[in-house]
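Data first, discussion second: the structure below is written as structure tokens.
The values are calculated or read from the model by the stated rules, or taken from the named source; none is laboratory data. None of the values given here were measured: they were computed from a predicted structure. All Cβ positions, even for glycine, are placed from backbone atoms using ideal geometry, and neighbour counts span all protein chains on display.
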Amino acid sequence: MNLGLDISLVVAFDKNFAIGKNGTMPWYIPEDLAFFKSLTVGHVVIMGRVTWESIGCKGLSDRVNIVLSSNMINNDNVIVMKNMSDVLTLLQEEYRDQKIFVIGGAKLYESFMPLAKRIYTTHVDLCVADADVHFPHHSGFEMFKISMYSPLRTSSNNSIKYRFVEYDSRNLSKHQEYRYFDLINLVLENGESRPDRTGVGTMSIFGPQLSFDIEHELPLLTTKFVGWKSILKELLFFLHGKTDTKLLEKEGVNIWKANTTREFLDARGLVEYDIGDIGPMYGWIWRHVGAEYKGCNESYVNQGVDQLQALVQGLREDPFSRRHLITTFCPLYTDQGVLAPCHGICVQMYVSTKKSDANQNYLSCHVYLRSNDIFLGQPYNIASYAMFTNIIAMMVGMTPKNLIMSVGDCHLYKFHIMQSKLQLDRKPLPFPVFKVSDTVKTKTFDDLVLDDFEVIGYMSHPAIKAPMAV
């Protein structure tokens, strides 16, 4: 709804969207209060009665104070309005040309969310126990996207970490996470019941495609918690060309553990492999295709073809070439891996420009996945290839643009159906931002470390536990 008013919400919340406890803010961060003052002085602030009481029942100086309450009377410091309709009429008649800030509480945020142009937030790095008021993130927050953010800061008062994050309205464009929802619904409605290698059984379709705009946000799903640090650690493991997943386990990443047990390796015929060895897969193929695989404990420095280095070199020297391709699939090695590669069968990069800025190159990625578990696997793949595209873009001085994913056998395991339906009932939250350090421009793939990257503003619904088909 567009009323021609410049309305913003201002809110501070913790990791669970808590904004209040026992009638007051659950924390004291002087820098946050100073930011709030600098933002709102000279403008209109709107609050509910509880918020009015929490600031001592007195108006905020140098601001027009409006309180929405059915049981207060006007005084010299505040304008009291009985209902939302009266507030909107007042704003249109008296304050149309002013900045208007809604400062709480939860019901007022919910009422004004559809009318707001932006939301100024302070992300507080806490999980407040027994908070009794929460930001209504289910009531339209999905219609906003991150536009600005500060570095992570530490309060001088109590060492609480916090970050300022500003969100702008999407102007009615649909949240990109619904594209993932559409694919789940397509499989649920039209999927063919099929047997599979694991014996679990799937609902499957063939040949769908997903695409995401990754120029300004990271498509890290929000309707369930997705462990982005695990995704990034695995991606770095691949970029380093490693195959010993015990290295990942030391970092708390256990997604390969079930496929590298002694029992699984022996059943696969890889009896000579050590526990944890995935064989010549993914990153090893990217970095050493053509070399002889001799186990995860061997060094492969300068052995085989380094597809990743060739990709970067090609993008730098001939950006508009049609040959920016890498692959994780090589028939020479398929039987030597614990699994046949599922993703990255073909990864093609495409460089484009915009009419408005012909001097800036934009990098898009199209990846083919032969087999995709859309409940557990696909959220990882989406985020991982978006991160990968961002990393390559930084290395070659380009801006990431689009991620396109084409899937062969796109399936939902039958014991994930209930979990998928639970996820479909949730509302997305704004996607986070993936920040790549400028130092990556001059680094090799072997030099990349976790601290080179930051995921900013990730918020999600709770995790949805589901078993992995092995």
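Assorted remarks:
- Residue within segment 262-273 that is closer than 20 Å to Leu235 by Cα and in the same structural domain as Asn372 (by TED's automatic domain parsing) present: no
- Pairs, first touching a residue at least 24 places away in the same chain (Cβ under 8 Å) and within 29 Å of Val305 (Cβ to Cβ) in segment 257-284, second outside any helix (DSSP H, G or I) and acidic (Asp, Glu), C-beta under 6 Å, six or more apart: Gly276/Asp244
- Condition broken by Val226, with the remaining ones in (1) more than 27 Å from Gly457 (Cβ to Cβ); (2) in a loop (DSSP other than H, G, I, E, B) satisfied: (1)
- Pairs, first at positive phi in segment 229-255, second at pLDDT 95 or above and not in a helix (DSSP H, G or I), C-beta under 7 Å, six or more apart: Gly241/Tyr300
- The condition of being in a helix (DSSP H, G or I) and not aromatic (Phe, Trp, Tyr) holds for Leu91.
- Candidates Phe112, Phe101: the one that is assigned by TED's automatic domain parsing to the domain that holds Asp130 and assigned to a strand (DSSP E or B) is Phe101.
- Entry remark, segment 262-286: residues being surrounded by fewer than 15 Cβ atoms within 10 Å (Cβ to Cβ) and among the hydroxyl-bearing types (Ser, Thr, Tyr) number 0 in total.
- Some residue of segment 455-463 being touching a Phe, Trp or Tyr at 6+ places or on another chain (Cβ under 6 Å), of a type in the set (Val, Ile, Thr) and either buried (at least 18 other Cβ atoms within 10 Å of the Cβ) or not in a loop (DSSP other than H, G, I, E, B) (or both): yes
- Flag for Glu142 being among the charged types (D, E, K, R) and over 23 Å from Pro467 (Cα atoms): yes
- Enumeration of residues in segment 366-390 that are within 27 Å of Met203 (Cα to Cα) and within 13 Å of the chain's Cα centre (by Cα): Pro379, Tyr380, Asn381, Ile382, Ala383, Ser384, Tyr385, Ala386
- Residue that is farthest from the chain's Cα centre (by Cα), among those in segment 65-90 that are surrounded by 12 or more Cβ atoms within 10 Å (Cβ to Cβ) and farther than 21 Å from Lys107 by Cβ: Asn75
- Residue within segment 15-22 that is surrounded by fewer than 13 Cβ atoms within 10 Å (Cβ to Cβ) and either out of contact with any helix residue (DSSP H, G or I) (no Cβ under 9 Å at 6 or more places or on another chain) or in the same structural domain as Ile160 (by TED's automatic domain parsing) (or both) present: yes
- Just one residue in the set Ile103, Ile119 is touching an Asp or Glu at 6+ places or on another chain (Cβ under 9 Å) and β-branched (Val, Ile, Thr); that residue is Ile119.
- Strands (runs of 3 or more DSSP E) wholly inside segment 1-84 containing at least 3 residues that are in contact (Cβ under 8 Å) with a residue 60 or more places away in the chain and either in contact with a His (Cβ under 6 Å, 6 or more places away or on another chain) or more than 24 Å from Met459 (Cα to Cα) (or both): 44-48
- Test: Thr154 is in the same structural domain as Phe35 (by TED's automatic domain parsing) and either among the aliphatic types (A, V, I, L, M) or surrounded by 14 or more Cβ atoms within 10 Å (Cβ to Cβ) (or both): no
- Segment 186-200, residues that are surrounded by 12 or more Cβ atoms within 10 Å (Cβ to Cβ), part of a loop (DSSP other than H, G, I, E, B) and either of a type in the set (D, E, K, R) or modelled with pLDDT of 95 or more (or both): Gly191, Asp196
- Test result for Leu218, out of contact with any strand residue (DSSP E or B) (no Cβ under 6 Å at 6 or more places or on another chain) and not assigned by TED's automatic domain parsing to the domain that holds Leu115: no
- Evaluated against (1) touching a residue at least 12 places away in the same chain (Cβ under 8 Å); (2) surrounded by fewer than 20 Cβ atoms within 10 Å (Cβ to Cβ); (3) part of a helix (DSSP H, G or I), Tyr180 falls short on exactly one condition, (2).
- Residue check for Leu363: over 24 Å from Asp182 (Cβ atoms), crowded, with 19+ Cβ neighbours inside 10 Å and under 21 Å from the mean Cα position of the chain (by Cα): yes
- Residue match in segment 443-461 (condition: under 16 Å from the mean Cα position of the chain (by Cα) and within 25 Å of Ile345 (Cβ to Cβ)): no
- Any hit, segment 229-248, residues being closer than 29 Å to Ala116 by Cα, surrounded by fewer than 21 Cβ atoms within 10 Å (Cβ to Cβ) and either not small (Gly, Ala, Ser) or not assigned by TED's automatic domain parsing to the domain that holds Ser406 (or both): no
- In segment 322-334, residue nearest to the chain's Cα centre (by Cα) [restricted to those that are without any contact (Cβ under 8 Å) to a residue 12 or more places away in the chain and under 26 Å from Thr245 (Cβ atoms)]: Thr334
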